[in-house]
1. Filter the range 169-195 for residues that are hydroxyl-bearing (S, T, Y) and under 21 Å from the mean Cα position of the chain (by Cα); which is least open to solvent (accessible area, probe 1.4 Å)?
2. Any residue in the range 37-49 that's touching a residue at least 40 places away in the same chain (Cβ under 8 Å) and closer than 15 Å to Y111 by Cβ: show its pairings with residues that are open to solvent by 10 Å² or more (accessible area, probe 1.4 Å) and part of a helix (DSSP H, G or I) at Cβ separation under 6 Å, as long as the two are six or more apart or on different chains.
3. Can you confirm whether L52 is buried (at least 19 other Cβ atoms within 10 Å of the Cβ), closer than 23 Å to L211 by Cβ and at pLDDT 50 or above?
4. Among the residues of the range 142-167, what is the count of those that are open to solvent by 50 Å² or more (accessible area, probe 1.4 Å) and either acidic (D, E) or touching a strand residue (DSSP E or B) at 6+ places or on another chain (Cβ under 7 Å) (or both)?
5. So which of L40, L53, L58 is over 20 Å from P147 (Cβ atoms) and in contact with a Cys (Cβ under 7 Å, 6 or more places away or on another chain)?
6. Examine the range 172-184 for a residue that is of a type in the set (D, E, K, R), farther than 18 Å from I155 by Cα and part of a loop (DSSP other than H, G, I, E, B), and state whether such a residue exists.
7. Taking the range 171-202 on its own, how many of its residues are under 16 Å from V117 (Cβ atoms) and not polar (S, T, N, Q)?
Amino acid sequence: MILIAIFFMGSCAESVLDMVLEDETNCISRSGTGELDKALAYLKETRLGGPLLAYARLRCPPKYGIEFTSTFGIPERSMRYMGMGWVLYNPNNLQNGDLEQLAFHELFHIYKDGNDVNRVLNDEIEAYMAQYIFCLSVGRPKIFKTPNDELTENIIKLVKCMDLDSGTITSDEFASHYDKAMRAIKQCSLYQNKEGEAPWVEYPVRDISTLCNFLRSIK
């Protein structure tokens, strides 16, 4: 991790989201200027983004903030959680709303996994569901993106199988859409195993309990 940090510090523009908790569900962004910082400031003021920022910060090590570093070493229009509150993002060819929803996706990983990086396909499906629910909550469902159309379609169908206040599964079609989403995500280059990287794994459960608990926690 240290070697990776040294490499990116020499070639990347850096922006730090140093969040100070005001109370259990609110935090202050001290991240400077730029498009990412505007996106994070907007995210913080939304109904779901504010609580998620605060919860994610609580999962970071003491005295650490959540740091976003730009790099061209990952695919365009993507972010990647590196652990310990550190997120990489590629600023190339970003479209309207990309930074907000991609940041929400990665913050959900921090909220779920804390300092760790878990290459679990099930976790990605849950994070995409959270991302789409965020897009719905700000009245912009059409900006929602995933790496392929089939995955996008089935994430949307999965969310339609839920009560978004209680997190309760309301349709027996949930399992079918989940399985289709799992097949679709395996076709995405982002989630295929590469030499020198830890393998992606799939768990035989369709657990979205972290997302359900988050939705229940929102006042």
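The values are calculated or read from the model by the stated rules, or taken from the named source; none is laboratory data. Keep in mind that this is a model prediction, so the values were computed, not measured. No Cβ is skipped: glycine too gets one built from the backbone with ideal geometry, and neighbour counts run over all protein chains shown. Ligands, DNA and RNA are stripped out before the accessible areas are found, and what is left, the full protein with its side chains, is counted by its heavy atoms. Shrake-Rupley method; radii C 1.70, N 1.55, O 1.52, S 1.80 Å.
1. Just the residues of the range 169-195 that are hydroxyl-bearing (S, T, Y), to begin with: 170-171, 176, 178, 189, 191.
Those left that are additionally under 21 Å from the mean Cα position of the chain (by Cα): 178, 189, 191.
Numbers: Y178: 5, S189: 80, Y191: 23 Å².
Residue satisfying both the conditions and the ranking: Y178.
2. Taking only residues 6 or more apart or on different chains, the pairs are L43/E100; L48/S137.
3. Values: buried (at least 19 other Cβ atoms within 10 Å of the Cβ): yes; closer than 23 Å to L211 by Cβ: yes; at pLDDT 50 or above: yes.
So L52 fits the description; yes.
4. Let us first name the residues in the range 142-167 that are open to solvent by 50 Å² or more (accessible area, probe 1.4 Å), namely 142, 147, 149-150, 153, 157, 160, 163-165.
If we keep only those that are either acidic (D, E) or touching a strand residue (DSSP E or B) at 6+ places or on another chain (Cβ under 7 Å) (or both) as well, we get 149-150, 153, 163, 165.
Matching residues across the range 142-167 total 5.
5. On the way: L40 fails: in contact with a Cys (Cβ under 7 Å, 6 or more places away or on another chain); L58 fails: in contact with a Cys (Cβ under 7 Å, 6 or more places away or on another chain).
Answer to the check: L53.
6. First pass over the range 172-184, keeping only residues of a type in the set (D, E, K, R): 172-173, 179-180, 183.
Still in the running and farther than 18 Å from I155 by Cα: none.
For the range 172-184, residues of a type in the set (D, E, K, R), farther than 18 Å from I155 by Cα and part of a loop (DSSP other than H, G, I, E, B): absent.
7. Taking the range 171-202 first, the residues under 16 Å from V117 (Cβ atoms) are 190-191, 193-194, 196-201.
From the residues that got through so far, the ones that are not polar (S, T, N, Q) too are 190-191, 194, 196-201.
Selection size over the range 171-202: 9.
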